[in-house]
Amino acid sequence: KDGAKDDGKLKIGFAVSTQNNPFFVDMKNGLEAKAEELGFEVLTVDAQDDAAKQLSSIEDLIMKGIDVLVVNPVDGDAVVTAIESANNSNIPVITVDRGANGGEVTAHIASDNVAGGVMAADFIAEKINKAGKVVELEGIAGTSAARDRGKGFNQGIDKYDSIEVVASQPADFNRAKGMTVMENILQSQREIDAVFAHNDSMALGAMEAIEGAGRDIIIVGFDAIDDAVQAVKDGKIAATVAQQPSLIGEIAVETAQKIANEEVVEEFIKVPLKLVK
Amino acid sequence: MEEKNLILEMKDIVKTFPGVRALDGVNLKLYKGEVHALLGENGAGKSTLMKVMNGIYKRDGGEIYLNGKKVEFKNPKEAQEAGLAIIHQELELVPELTVAENIFLGREPRKGFLVDFKELIKRTQEVIDRLGVDIDPRSKVGDLNIGNQQMIEIAKALSQNSNVIIMDEPTSSLTPTEIDILANLIDRLKKKGIAIVFISHRMEEIFEICDKVTVLRDGKYIGEVKVEDTNEDELINMMVGRKLESRFPEIKHRPSDKILEVKDLVVPGKVENASFELYKGEVLGIAGLMGSGRTELAKTIFGLFKPSEGEIYVKGERVNINSPKEAIDLGIYYLSESRKDEGLVLGMSVEENTSLSVLKNITNLGLIDNQEEEKLAKKYVQGLKVKTPHIKQKVKNLSGGNQQKVVISKLLSTKPDIIILDEPTRGIDVGAKKEIYELISHLVDDGAAVILISSQLPEVLNLSNRILAMGENRIMGEIDAKDATQEKVMKLATGGDLN
Amino acid sequence: MTAKSKESQIIKLAAKFKSAIGLIGLIIVMSFLSEYFLTVHNLMNITRQVSINAVLAIGMTFVILTGGIDLSVGSVLALSSVITAGLMSSGMNIALVLIIGIGVGTLLGLLNGLLVAKGRMQSFIVTLGMMTIARGLTLIYSDGRPISGFDKSFRFLGAGHVLGIPVPVIIMFALLAVSYVILKKTPFGRYVYAIGGNEKATELSGINTDKIKIGVYAISGFLASISGIILASRLNSAQPIAGTGYELDAIAAVVLGGTSLAGGQGGIVGTIIGALIIGILNNGLNLLNVSSFYQLVAKGAVILIAIFLDTRSQKRD
Amino acid sequence: MTAKSKESQIIKLAAKFKSAIGLIGLIIVMSFLSEYFLTVHNLMNITRQVSINAVLAIGMTFVILTGGIDLSVGSVLALSSVITAGLMSSGMNIALVLIIGIGVGTLLGLLNGLLVAKGRMQSFIVTLGMMTIARGLTLIYSDGRPISGFDKSFRFLGAGHVLGIPVPVIIMFALLAVSYVILKKTPFGRYVYAIGGNEKATELSGINTDKIKIGVYAISGFLASISGIILASRLNSAQPIAGTGYELDAIAAVVLGGTSLAGGQGGIVGTIIGALIIGILNNGLNLLNVSSFYQLVAKGAVILIAIFLDTRSQKRD
Ligand SMILES: Nc1ncnc2c1ncn2[C@@H]1O[C@H](COP(=O)(O)OP(=O)(O)OP(=O)(O)O)[C@@H](O)[C@H]1O
Ligand SMILES: Nc1ncnc2c1ncn2[C@@H]1O[C@H](COP(=O)(O)OP(=O)(O)OP(=O)(O)O)[C@@H](O)[C@H]1O
Ligand SMILES: O[C@@H]1[C@H](O)[C@H](O)CO[C@H]1O
Ligand SMILES: [Mg+2]
Ligand SMILES: [Mg+2]
């Protein structure tokens, strides 16, 4: 497939789920920087976390004759229609961060959110000597990140009989909400040993609340955004499960190049998670 | 020497609206200390002329001189500052604010940055006292009845201490008591050298209150006469361009079957123990002072208030009326005293307003039959001589009187047996009034029963078969129209005994 | 009089065309800016994308014409969508599933209407409450997970074509036509306008205003559930968080189409124009590869310009 | 006459108390449900949390009283917040930073007002456009990333205490008091009500209604930026997506407080009551550890019940 490369430039369509989170901004920046380095063109569309909008904007990308589609699905099922459209136009598809549950996907590049949840649970268990009370701050109800991290975390915690999840409340991946919800939980839970937040924004909000209340609680976040890494260094939060969004973006471009050159690529490229502590 | 006292002069004023030449070379001269009537049929251009004078409308031609100087008011504020005050025909008040705040809106006394409420109330009380009415400066305007709201509108203009006061139909919602108060007030203002423009469709007021008359017809200037040099017939001739016969038609009341009976009806705070009967082929007049509860009684029958006690019988059957729809289905129709708030959908056309109550009857397979609808509207536009460029005109662009005719068209379209008319001639010109009287006469001839609520006693006296006098939310007495005089009716209404 | 009324009809028509100024302007500008824009394929693409919002906006037009507002449409869309998907994957007969799915939306709309009309509560807050409740119910029903695995036949609704035209577009135009007739030609439609113009006067004209008001909210709920079903079919999956923020897009379409939020004035044709403006804007910004942050600025600015042009072109009175 | 007016004042007072029925009911119910609820510490907690929304809602009250609406408050909050944070971390003098941060919000508010008043456009669509634009500008300015690293002194605004009372609470009550005086005691405030009650009459009384309308949107923008700054200080970080959806919470507070969206009726005290209802609701649901999906249903239902009680207790006419 080389027809589209008439100007010699590979044209990558990138459909990102949202930009409302530094995680995705990093992913996008990583992807765009790599593409520039290699002299490719990138067309980015943002679905603002709306699956229908994502479908529409992928249709728009196909209109523009992209060579490869890199999609970070808002949702794994809903994205299938879009992927099928790309398939019909003979455009290879790469999914990043979140998978698709159908259509023909050439490569999937991601870290494993369920595994990350388990990782956080194990870390907390170790820190509190396998006994104690923990709080979970949930992401936006209905999103795959919230679902998978919650699932992994609870699976992890279930292994330890003496650890109890005393409160599990939504704070919508949002720092302000993370703070108020934590403040409220602090009112009703006199004993809390650890908090797991589905992302760093909420973890940092919770950190402010806990500091304000003068209590001593272990906090674990997810994403390793700059602020959180700094907070870990300062000893204010215990750890954050690091994804490598920028790397995910870079690998996506490299994979796209390989596909365009008709090289064989791995179907699932795992980007390692690591615990920043 | 007269010219020295000339305050305001309008020369060759022209104003057009899309499809309408509302003013076509109109002149008006106002002198110190005179009450100058502006007369003309509905839609003649009276209100438009006043709005042009006040900078509310921009004129298309002509000149205005104030104290000999050419003026150009860009907005009402400039006119106000130059000493012009206006009482609007359609009440322009803020229902949520208090009486005091409304009267001094935009001119409230201040103490630093704040409104000086003490002073505000004091000044309001002064103005109200000058008017001689009993209204609390702190009450919300929205809680007052229309008559009192009209008095607030008057008080507002009065409080501006202007040299020129325009009164656009100030008396249309007042009863004789308040009209007397206003007449006295005008007399005092006149003596202070204030010039007043007085617009009214009640001829007797012109002769009682005014000094001069300027007549408009179809937006054209017809002429100016001194009241002492003219008479009613001449004025009417100038207004309508022809002679009109005697004002009240002879109504042949032939009361037959009892069609409505109200027994001991009570709506707490609104209607107390009302009982009366109504027969086909008669007009039952209801007279009373402002706030006597006439409107409330009518609205209760129309299903707008829920009675706590009492019974209503229509054509011998006991009925429970919970909504206007149920009332209309029983053949009752109520014409509201407030056409703007309760009578019309102002943004809709003449046609759409006319058909609103009977839309269901002119459908074809569930769809509105446009031809039928047009026919209906045209029938009433012609029959009632509604002055409008076409039936698609929005009613908000019609003059007040013509709007009233549209409400009447809507009523007639339902062919009701029991018709309650609440101030049906408010703001209507002599010719149209006569048409409405004749209409009532026809309706009665056709066997309908009419309840006529009016603050104009001559109307009630001349058109009714029997008259109920109301006061303090109750029916104080009944009198046969043949035996009735204004004095007797008022005496009844205020709780007096006729014997 | 006939000549005159014809003249006024021409004026009206011209006014209507003017309300499309923004749309036409946008189309011209876009055609110059992007070679991909004015192709049959892309135009088909846009109308299909617009159909979901347009169907919501049609219902919203009814509500707004009475002077009300319906903030619950996005959540109702999601609820109908997951219930339909859930029942379908449980193997229930598809016709029955659709009836229940649409029924649920209509019922919630009805409830909105009852609270507004009989409860005399402000529509904004009633439907805000309903928006929250319906979202909660959606998440509860779906346990926060998307539901997928549909019948092939079901996918026809969202992804099928008839004579080359996408089915959602056909549904949209059918609903548009029916709504147009209802609003312009039936007594019910006339009452909708009358209530928005002067509710008191309408009531005194013998019209059961409560019934009409309940009706418009029910219609809005009904159409929200239809668009929820189309969306599920189009996405091949029912999303529990679908429709978030759609109420604002629907309202924007109505207002861009020249309908006044005060009620009584406007119409369904304008609404479709408004929905198209929003759709073209989204499509165009993607085609032009405007970066996502700047897209927001551009979108806001174009909305302001469109409404500004439209307001200018209307006679002030 | 004095007796009458005293009586009417008592009736008015009673009506105001009734508008707090929902609040008092909620407090009683919550006290029974959770032992942690009625503690000084938690009440302080709630008022602090409420302060952000309350400050927005105070501005929203001005706008709604004129019959308008301001959907842009959440985005303006975010924009002021990131600009303040950005300038501060660039080392600019803190007083100057605050002036610019607040100035930007006020300016956008002013722009809203100009478009509504002079452009005669519907406030809903103007502020919807502005909401989108301001969000875009926020993301552009911050490149979608939170900005942190503040002066210790700056943190006082959001996290400090004076005599044991949180600073945001003090700011909220100070703004409440000033706004109350403006609305009830100054000519400007009376004109705000007058415009909402009858704009035409107000204009005919010689009042420059455009100026008043521009003023209320500017006030709303001003207060939105103040709350943005408090929020940044409280979170120790300015979030580019802060304030998303806050406009609905602010409007809900105003309406729950008994202010009519039609304008002309209501007031600032009710708004604070409304904000407290929402705050207590959020706090209570957390204290009770209600699971996330059911929280939505409960929240929607309580809003409906509160407004229902309030509507019931008002005289129908
Ligand atoms: N805003 C407007 N738009 C279009 N036509 C108007 C407008 N205002 C008034 N007109 C028309 O101008 C003419 C004069 O109206 P105006 O209100 O001045 O009459 P009027 O003499 O005051 O009548 P009335 O006695 O009924 O109050 C009428 O034909 C009316 O329909
Ligand atoms: N909105 C209101 N709020 C409080 N009281 C009212 C209201 N409207 C009317 N009333 C009171 O109800 C009584 C009767 O009202 P209304 O003046 O309408 O009677 P009416 O006899 O029809 O008088 P009108 O001459 O004005 O037609 C009066 O005591 C009046 O003050
Ligand atoms: O992985 C991402 C990030 O963790 C973000 O915080 C929420 O959405 C997820 O998909
Ligand atoms: Mg007039
Ligand atoms: Mg009356």
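Relative contact order for chain B: what is it in percent, counting Cα pairs under 8 Å that are at least 6 residues apart?
On the way: 1019 pairs, mean separation 78.5, N = 499.
So the answer I get is 16 percent.
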Handout entry: Approximate spin-label separation B:Lys111-B:Asp445, in nm, with each point projected 7 Å along Cα-to-Cβ
Key = 6.8 nm
Problem - Rounded Å value of the spacing that divides the Cα centres of the range B:340-398 and the range A:198-277 - result: 68 Å
Fill in the blank from the handout: Once amide hydrogens are built 1.01 Å from N within the peptide plane, the residues lying 5 or more places from B:Tyr279 or on another chain with amide H under 5 Å from its amide H are B:Ile259
Exercise for the section: Would you mind listing how long the range C:56-203 runs along its three principal axes, going by Cα atoms, in whole Å with the largest first? Expected result: 52, 40, 20
Handout entry: Label-to-label distance, nm, for residues given as B:Lys379 and C:Val181 (7 Å Cα→Cβ offset)
Key = 2.7 nm
Fill in the blank from the handout: If amide H atoms are modeled at 1.01 Å from N in the peptide plane, then the residues at a separation of 5 or more from B:Arg217, or on another chain, having amide H under 5 Å from its own are B:Ile222
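Report, in deg cm²/dmol and to the nearest 500, the calculated mean residue ellipticity at 222 nm for chain A, where each DSSP H run with n ≥ 4 adds -39500 (n - 2.57) and the sum is divided by the residue count.
-14000 deg cm²/dmol
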Fill in the blank from the handout: Scoring only Lys, Arg, Asp and Glu (+1, +1, -1, -1) among other residues with Cβ under 12 Å from the Cβ of B:Leu131 yields -3
Fill in the blank from the handout: In the range B:2-240, taking the dipole from +1 charges on Lys and Arg beta carbons and -1 charges on Asp and Glu beta carbons about the Cα centre, the listed residue (B:Leu30, B:Asn237, B:Gly83) farthest towards the positive end is B:Gly83
Fill in the blank from the handout: Shape descriptor, the range C:175-249: equivalent ellipsoid semi-axes (Cα gyration tensor, sqrt 5λ, whole Å, largest first) stand at 32, 13, 9
Completion exercise
Computed over chain B: longest principal axis from alpha-carbon atoms vs helix B:370-383 long axis, angle to nearest 10 degrees, is 70 degrees
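Within a 10 angstrom radius of the beta carbon, how do C:Met88, D:Met172 rank from fewest other beta carbons to most? All intermediate terms of the calculation are to be shown ahead of the outcome.
Details: C:Met88 23, D:Met172 26.
Going from least to most buried by this count: C:Met88, D:Met172.
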Fill in the blank from the handout: Check: C-alpha center the range A:58-96 vs C-alpha center the range C:181-218, spacing in Å is 46 Å
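Return the FRET efficiency for the residue pair B:Glu224, B:Thr16: r is the Cβ-Cβ distance, R0 is 25 Å, and the value is rounded to the nearest 0.05.
The formula returns an efficiency of 0.60 here.
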Exercise for the section: Per residue of A:171-184, count partner chain C-beta atoms within 10 Å of its C-beta, then hand back the mean as an integer. Expected result: 6
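Order of C:114-126, D:215-227, B:223-235 by packing, highest average Cβ count within 10 Å first?
Numbers: C:114-126: 21.0, D:215-227: 28.8, B:223-235: 13.5.
The peptides rank, most packed first, as D:215-227, C:114-126, B:223-235.
How many times 2.2 N^0.38 Å is the alpha carbon radius of gyration of the protein assembly as shown?
On the way: Rg = 35.1 Å, N = 1410, 2.2 N^0.38 = 34.6 Å.
So the protein assembly as shown has a normalised radius of gyration of 1.01.
Compactness ratio of the range A:158-277: Cα Rg over 2.2 N^0.38 Å, N = residue count?
Working: Rg = 18.1 Å, N = 120, 2.2 N^0.38 = 13.6 Å.
Ratio of Rg to 2.2 N^0.38 Å for the range A:158-277: 1.33.
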Practice task
Take each complete run of DSSP H in chain D, measure how far its Cα atoms stretch along the helix's own axis, and keep only those covering 27 Å or more with mean Kyte-Doolittle hydropathy at least 0.5; list them.
Solution key: D:40-65, D:94-117, D:123-142, D:209-235, D:268-287, D:292-313
Completion exercise
Amide H contacts under 5 Å for B:Gly477, restricted to residues at least 5 apart in sequence or on another chain and with H modeled in the peptide plane, are B:Ala469
Practice task
Would you mind computing Rg(Cα) / (2.2 N^0.38 Å) for chain A, counting N as its residues?
Solution key: 1.07
Practice task
Would you order B:Asp136, D:Asp210 from fewest to most other beta-carbon atoms within 10 Å of each residue's own beta-carbon?
Solution key: D:Asp210, B:Asp136
Exercise for the section: Specify the inter-centroid distance of the range B:417-438 and the range C:250-279, based on alpha-carbon positions, in whole Å. Expected result: 41 Å
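To the nearest µm²/s, what D does Stokes-Einstein give for the range B:2-240 at 20 °C and 1.002 mPa s, using the Kirkwood radius over alpha carbon pairs as Rh? Working shown, then result.
Working: Rh = 18.4 Å.
It comes out at roughly 117 µm²/s.
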Problem - Farthest toward positive dipole pole in the range D:91-214 [+1 Lys/Arg, -1 Asp/Glu at C-beta], among D:Asn198, D:Phe156, D:Asn112 - result: D:Asn198
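Evaluate peptide D:189-201: per residue, the Cβ atoms of other protein chains within 10 Å of its Cβ; return the mean as an integer.
Working: counts 2, 10, 6, 0, 4, 8, 1, 2, 10, 11, 1, 5, 13.
Taking all residues of D:189-201 together, the mean is 6.
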Problem - Relative contact order [Cα under 8 Å, 6+ residues apart], the range B:347-414, whole percent - result: 48 percent
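Can you give me the relative contact order of chain A as a percent, contacts being Cα pairs under 8 Å and 6 or more apart?
Working: 606 pairs, mean separation 53.1, N = 277.
The value is 19 percent.
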Problem - Overall Cα dimensions of the range D:159-297 - principal axes, largest extent first, Å - result: 55, 35, 31
Fill in the blank from the handout: Counting other chain Cβ atoms within 10 Å of each Cβ in B:86-94 and taking the mean gives 4
Problem - P(r) of the range C:127-213 over all Cα-Cα pairs, binned every 10 Å from zero, in whole percent - result: 14, 21, 26, 27, 11, 1
Fill in the blank from the handout: For the B:Glu478, C:Ala301 Cβ pair and Förster radius 56 Å, calculated FRET efficiency rounded to 0.05 is 0.20
Completion exercise
Taking the label point 7 Å from Cα along the Cα-Cβ vector, the copy-to-copy distances for C:Val162, listed from shortest in nm with one decimal, are 6.9
Practice task
Measure of size requested: the Rg and Dmax of chain D, with Cα atoms as the atom set and Å as the unit; please supply both.
Solution key: 19.8, 65
Problem - Least to most buried among B:Arg474, A:Arg215 (fewest other Cβ within 10 Å first) - result: A:Arg215, B:Arg474
Fill in the blank from the handout: Projected onto their principal axes, the Cα atoms of the range B:353-466 stretch, largest extent first, over whole-Å spans of 47, 30, 18
Exercise for the section: Normalise the Debye intensity by I(0) for the range B:262-413, one equal point scatterer per Cα, no solvent, then take log10 at q = 0.13 Å⁻¹ and round to two decimals. Expected result: -0.70
Exercise for the section: Take the Cα coordinates of the range B:347-414, assign each an equal point scatterer, and use the Debye formula without solvent to give log10 I(q)/I(0) at q = 0.12, 0.15, 0.17, 0.20 Å⁻¹. Expected result: -0.26, -0.40, -0.51, -0.70
Exercise for the section: Could you order peptides A:157-165, A:232-240, C:65-73, C:46-54 by the average number of other Cβ atoms within 10 Å of their residues, highest first? Expected result: C:65-73, C:46-54, A:232-240, A:157-165
Fill in the blank from the handout: Placing +1 on each Lys and Arg Cβ and -1 on each Asp and Glu Cβ in chain C, then taking the dipole about the Cα centre, the residue among C:Val63, C:Met88, C:Thr39 whose Cα reaches farthest towards the positive end is C:Val63
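Read the figures in this text as sums done on the coordinates, not as results from a lab. The structure presented is a predicted model; accordingly, all values stated were derived computationally and were not measured. Here Cβ is always computed from backbone atoms with ideal geometry, including for glycine, and neighbour counts include all displayed protein chains.
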